[in-house]
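The values are calculated or read from the model by the stated rules, or taken from the named source; none is laboratory data. Predicted, not measured: the structure shown is a model, and the values here were computed from it. Every residue, glycine among them, receives a Cβ derived from its backbone with ideal geometry; neighbour counts consider all protein chains shown. To get the accessible areas, we keep the full protein, side chains included, count just its heavy atoms, and leave off ligands, DNA and RNA. Shrake-Rupley method; radii C 1.70, N 1.55, O 1.52, S 1.80 Å.
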Amino acid sequence: MSDQEVLFEVKGAVGHIILNRPKALNALTLPMVRLIGPQMDKWAGDMAVKAVVISGAGDRAFCAGGDVAEIYRRKMVGDISLGRDFFREEYIVNRAIFRFPKPWIALLDGITMGGGVGLSVHGRFRIVTEKFLFAMPETGIGLFPDVGGGHFLPRLPGQLGMYLALTGQRLKAADGLYCGVATHFVSSDRILALQQALETMSGEGDGAVEAVLEKFTADAGAATLPPHRTMIDHHFGRDTVDSIVSSLAKDSSEWAQKTAGALARLSPTSMKITFKQIRDGGSMSFEDIMTMEYRMSQGCMNGHDFYEGVRAVLIDKDNAPKWQPATLAEVGEDIVARHFAPVSNDLFFK
Ligand code: QUE
């Protein structure tokens, strides 16, 4: 197997992108981003390529997220350039996927979190299997659900997006389909045959892909979220993070208490900036959202909780981050506003 971090191959009608860091759960690096962007431009203009299929090497993950541990390690030796460049170039690729002129088909046969969601959810087809495990877990590392989370999350039904954004809740296939982050279920042992069928498909456009997929889709089983949906919409539809938390605290149900307990472990700053991102993103264009998210990313790079969160979850693995500020009450409007202020190298799209 090649040791390139991303593999590209045209087979029949399909341009394949294979994320190839299986030992790191295919976590996305800046070199990978710099390979994917230009290849997308080539395939957008290549008549022979009717669709792009993106998948992950190995049997565990599509993509576990951005390689935030590397951003941390560089920062610790005084190099802040990766924290400046990675998010910017990653978001440019997220936007290119959102605007890609041909069917974008993500094969989500494993862990799909953070940056991996950004490589899939903005395309038309998100195929999931029984190994699919989704999350936007960034509030647990002092970040926020970026890569266009400000676009897709507020557009999910009811308050599901705010719930997933704030809690980082993990979803399996059936719940992914229920929320709308996934579009089709295919059994993992049929993924290779699906790829071959796409390579030999006749016609082009979404309709041709749909005709192939029809022959492979299966039942994902029952979702677990529907029984909690009324509570999700009730609690997560409130006007502030503080009122979401106090609303959950007053609800003695097991689900509400478990959810309140989960929120109590997450970065208070991340929760407050995420709330504004998801509420504001519901009425913004994709491009304006990416400008906002780039500002937010740089706010996090200039703060405390991101480095502490990465340390606790990915470096030392003690899972005991010491957030600063430590409580929601201490996160004032000034701190939130600082994450939405223009930056000197703002990311703008034409
Ligand atoms: C939040 C995140 C990430 C995370 C855990 C979080 C993330 C990320 C990884 C990750 C996991 C396994 C790896 C790796 C990275 O974990 O973005 O290299 O092998 O990439 O709670 O945002």
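Observations on the model:
- Kirkwood radius and radius of gyration were both taken over the C-alpha atoms of the stretch 289-350, and their ratio Rg/Rh is 1.06.
- Debye equation applied to the C-alpha atoms of the stretch 155-264, log10 I(q)/I(0) at 0.09, 0.15, 0.23 Å⁻¹: -0.36, -0.72, -1.22
- The simple spin-label model puts a point 7 Å past each Cα toward its Cβ; for ARG170 and ASP239 those points are separated by 3.7 nm.
- Cα Rg over Rh - the stretch 37-76, Kirkwood: 1.17
- Largest to smallest accessible area among MET162, MET47 [probe 1.4 Å]: MET47, MET162
- Unit Cα scatterers, Debye sum, the stretch 241-324: log10 I(q)/I(0) for q = 0.16, 0.25, 0.26 Å⁻¹: -0.79, -1.13, -1.15
- Taken over the chain, the convex hull of the Cα atoms encloses 135 Å³ per residue.
- Antiparallel content of DSSP bridges confined to the stretch 1-75, in %, to 5: 45 percent
- Using θ = phi - 60° in the Karplus curve 6.51 cos²θ - 1.76 cosθ + 1.60, the 3J(HN,Hα) couplings for the stretch 39-55 round to 5, 4, 4, 5, 6, 4, x, 9, 4, 6, 8, 8, 7, 10, 10, 10, 8 Hz; x is entered for Gly and Pro.
- Per-residue SASA entry for PHE100, accessible area with 1.4 Å probe, Å² rounded to 10: 30 Å²
- Of all lysines in the structure, the ones whose alpha carbon falls short of 25 Å from that of LYS322, not counting any fewer than 8 places away in one chain, are LYS75, LYS258, LYS272, LYS276.
- The stretch 168-252: GluC sites (Glu not before Pro) in DSSP loop, at most 12 other beta carbons within 10 Å: GLU214
- Full-extension gain in nm, ASP280 to ASP41, via 0.36 nm per residue minus C-alpha separation: 83.0 nm
- For the stretch 24-33, Karplus couplings with θ = phi - 60° (6.51, -1.76, 1.60), whole Hz, Gly/Pro x: 9, 6, 6, 4, 7, 9, 5, x, 5, 4
- Accessible surface comparison of ASP251, ASP318, ASP175, probe 1.4 Å, protein chains only, largest first: the order is ASP318, ASP251, ASP175.
- Whole-percent carbon and sulfur share, accessible surface of the stretch 102-213, 1.4 Å: 50 percent
- From phi via Karplus (6.51, -1.76, 1.60), per-residue ³J(HN,Hα) for the stretch 266-274 in Hz, x at Gly/Pro: 8, 4, x, 5, 4, 4, 6, 6, 5
- The translational diffusion coefficient of the stretch 81-194, from Stokes-Einstein at 10 °C and 1.306 mPa s with a Kirkwood hydrodynamic radius over alpha carbon pairs, comes to 110 µm²/s.
- Efficiency of FRET between ALA264 and ARG34 - r from beta-carbon atoms, R0 45 angstrom, step 0.05: 0.70
- Once the C-beta distance of GLU130 and LYS350 is scaled by a Förster radius of 45 Å, the resulting FRET efficiency is 0.60 to the nearest 0.05.
- Amide H within-cut-off set for LYS11, under 5 Å, with H built and near neighbours excluded: HIS16
- This model, with +1 at the C-beta of Lys and Arg and -1 at the C-beta of Asp and Glu, gives the stretch 277-350 a dipole about its Cα centre of some 140 debye.
- Reach of LYS131 by Cα under 18 Å, taken over aspartates and glutamates that are not fewer than 8 positions away in the same chain: ASP59, ASP109, ASP175, ASP189, ASP219
- The alpha-carbon positions of the stretch 15-134 define a convex hull whose volume is 87 Å³ per residue.
- Surface accessible to a 1.4 Å probe, LYS131 within the full protein complex, Å²: 80 Å²
- Remark: spin-label model distance VAL77-SER188 equals 3.6 nm, labels positioned 7 Å along the Cα→Cβ axis.
- Centre separation in Å (Cα based) which lies between the stretch 210-280 and the stretch 64-116: 24 Å
- Heavy-atom surface of the chain, accessible at 1.4 Å and reported per residue (Å²): 42 Å²
- Largest to smallest accessible area among PHE216, PHE8, PHE134 [probe 1.4 Å]: PHE8, PHE216, PHE134
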